[in-house]
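For reference, the structure discussed in these notes is given below.
The values are calculated or read from the model by the stated rules, or taken from the named source; none is laboratory data. Just so it is clear, the structure is predicted and the values come from calculations on it, not from any experiment. With ideal geometry, Cβ positions are generated from the backbone for all residues, glycine too; neighbour counts draw on all protein chains shown. Note: areas computed on protein heavy atoms with side chains; ligands, DNA, RNA excluded. Shrake-Rupley method; radii C 1.70, N 1.55, O 1.52, S 1.80 Å.
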Amino acid sequence: MSAGRLVADPGSIEEIGRAIADRRIDPVGLLESALRRIEAVEKDVRGWCLLDPERALAQAQSLRREAEAGRLRGPLHGVPVAVKDVIDVAGLPTRAGSATRAHIPPSTIDAYVVTLLRTAGAVILGKAHTTEFAYFDGPPPTRNPHNVGHTPGGSSAGPAAVVAAGMVPLSLGTQTAGSVNRPAAYCGIAAFKPSTRAWSRFGVVPFAPSFDTVGVFGHRVADAVAAARVLMPAYLRDRPRLSTPSPSTVGFIDDPILSAASAAVADTLREAADKLGGSGVRVNQCVSPVPFADIVGWHKTVIEYEVARAHPSLEHAAEASAGLREAVGRGRMIGDQSYVDACRALNAARERFRTATAEFQALIFPTAPDAAPAGMKTGDPRFIVPFTALGGPIVSIPVGIGAHGLPLGLMLIGAPGQDAAIADMAGEIARAIERPR
């Protein structure tokens with residue numbers, strides 16, 4: 001099968017919801033369609049590590065009966081979903097992409113975010129591949145549907161690829177550095193990474209708890225935002241919005257790290273600014289008050305210190321990848337004071353950044369220096385890490401095509417806690433710059 005045929009639109013969440021409400025389709029038919037697509041493309045994409053069609057069918061049959069009786073659980077009623085294999089799903093083992101957990105028993109309870117999905121009517125179809133413990137290393141077999149010789153990104157490789165390949169409309173991933181937003185950009189889809197730790201992490205395998213955050217992938221921005229609204233806790237969903245001037249103002253952040261951007265990425269950024277300006281959005285440039293390279297360094301210190309304390313046994317686990325063992329070893333050597341100093345530096349950076357960007361409702365920045373690289377390494381995270389460390393919500397928007405027919409993406413970034421506001425704004429921004437598919 002050609003790479004072009006591996007990419008498909010799995011359907012819009014809004015349209016699926018209307019079709020189920022009008023009984024033009026039903027949850028069983030929707031699941032069967034997803035399974036046919038998996039049968040057609042999974043052998044090339046290799047996004048799934050565990051499929052659970054029997055129990056998914058039982059869920060879909062129950063949801064069909066409810067729909068026939070006029071009872072819809074929520075906006076995701078009948079929608080098949082993939083879950084990254086660091087998130088617990090009852091009845092399935094959570095192996096976290098690691099041979100060290102090859103014999104772990106099935107989970108006895110869903111992670112909290114999975115419970116929320118089921119409550120909204122989603123059908124959990126199975127587990128999607130992750131890098132080992134959601135680290136940079138230990139790549140899974142997953143391929144980029146746009147070009148199978150290139151990485152889909154990581155660590156949420158499987159969740160991004162199965163949506164890009166049209167196997168399911170939604171999936172759950174996690175981000176500690178760039179593990180939601182980068183795969184979304186590389187695979188040409190959308191994603192919503194909430195404010196750091198904003199969604200419950202109950203039932204999620206930890207890596208670096210200061211940053212581990214559950215996020216969601218959708219084929220288009222509207223899909224990711226629809227799912228994010230379901231998973232968003234009430235304290236964020238219902239909090240008063242910041243005053244929004246008209247027209248909206250977005251900031252294009254400048255930092256020396258942008259010198260690594262390819263010509264295609266730089267062109268995409270300029271085109272997005274022109275399109276936003278033409279749509280009535282005010283676009284201004286702003287220099288980062290803290291060098292992003294410094295933020296990346298502090299973030300690495302915190303991550304490696306924490307993973308060494310979360311998983312000390314991995315340093316000498318023969319089954320673990322060399323990169324993960326080395327990261328745990330480096331983290332063990334980081335002293336308590338160095339960790340505290342990095343945390344304090346990040347807190348100070350957040351304050352300076354918030355003050356310097358207070359005039360903007362959102363910021364825009366490229367997701368990666370270029371399109372997905374060849375091979376299976378997860379790719380360069382340094383454009384995303386500063387915003388992960390700063391802690392606000394990030395919406396990935398597919399905007400263009402670069403070399404080898406591979407997608408390019410931009411990030412729409414909000415201030416910490418402004419998840420509902422950035423979800424509202426994402427629709428406006430996407431109408432101007434999202435690439436039609």
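Net length available on complete extension from Asp424 to Arg332 is 28.9 nm, with 0.36 nm assigned per residue and the Cα-Cα distance removed. Ignoring aspartates and glutamates fewer than eight residues from Lys275 along the same chain, the ones with Cα atoms less than 13 angstrom from its Cα are Asp267, Glu428, Glu434.
For the stretch 196-316, pairs of C-alpha atoms spaced more than 20 angstrom apart make up 68 percent of the total. Backbone amide hydrogens, once placed in the peptide plane, bring Cys49 within less than 5 Å of Lys127, Ala128, His129, excluding anything fewer than 5 places away on its chain.
Only the Cβ atoms of Lys and Arg (+1) and of Asp and Glu (-1) were treated as charged; on that basis the dipole of the stretch 72-131 about its Cα centre amounts to roughly 40 debye. Derived scalar couplings between HN and Hα for the stretch 415-430 equal 6, x, x, 9, 5, 5, 5, 6, 5, 4, 6, 4, x, 4, 5, 4 Hz in order, rounded to whole Hz, by the Karplus curve 6.51 cos²θ - 1.76 cosθ + 1.60 (θ = phi - 60°), x for Gly and Pro. Cross-link list Lys193/Lys300; Lys43/Lys193; Lys127/Lys300: which exceed 23 angstrom alpha carbon to alpha carbon? Too far apart for the 23 Å limit: Lys43/Lys193; Lys127/Lys300. Placing pseudo-labels 7 Å out from each Cα toward the beta carbon at Leu51 and Arg239 gives an inter-label distance of 4.1 nm.
Per-atom-type breakdown for the stretch 78-137 gives carbon and sulfur 62% of the accessible area (1.4 Å probe, protein chains only). Determine the sum of side-chain charges near Arg282: Lys and Arg each +1, Asp and Glu each -1, restricted to other residues whose C-beta is under 14 angstrom from that of Arg282. Taking every Cβ under 14 Å from that of Arg282, the sum is -2.
Put simply, the amide H of Val123, placed in the peptide plane, has neighbours under 5 Å in Gly78, Val79, Val81, leaving out anything fewer than 5 places away on its chain. Loop-resident trypsin sites (Lys or Arg not before Pro) (DSSP state other than H, G, I, E or B) in the stretch 214-310 with no more than 12 further Cβ atoms inside 10 Å of their Cβ: Arg241. Taking amide H positions as modeled 1.01 Å from N, with prolines and chain starts lacking one, the residues under 5 Å from Val399 and 5 or more places away or on another chain are Leu408, Gly409, Leu410, Arg435. Per residue, the accessible area of the chain comes to 38 Å² when a 1.4 Å probe rolls over the protein heavy atoms. Residue by residue, the stretch 119-130 carries 3J(HN,Hα) couplings of 4, 7, x, 6, 9, 7, 8, x, 9, 10, 4, 10 Hz when phi is fed to the Karplus relation 6.51 cos²θ - 1.76 cosθ + 1.60 (θ = phi - 60°); x denotes Gly or Pro. On full extension, the segment bounded by Ser313 and Ser33 gains 96.5 nm, given 0.36 nm per residue less the C-alpha separation.
Fully extending the segment from Thr119 to Lys43 would add 24.2 nm, taking 0.36 nm per residue of separation and subtracting the current Cα-Cα distance. A Förster radius of 51 Å, combined with the Cβ-Cβ distance separating Arg344 from Gln61, puts the computed FRET efficiency at roughly 0.40.
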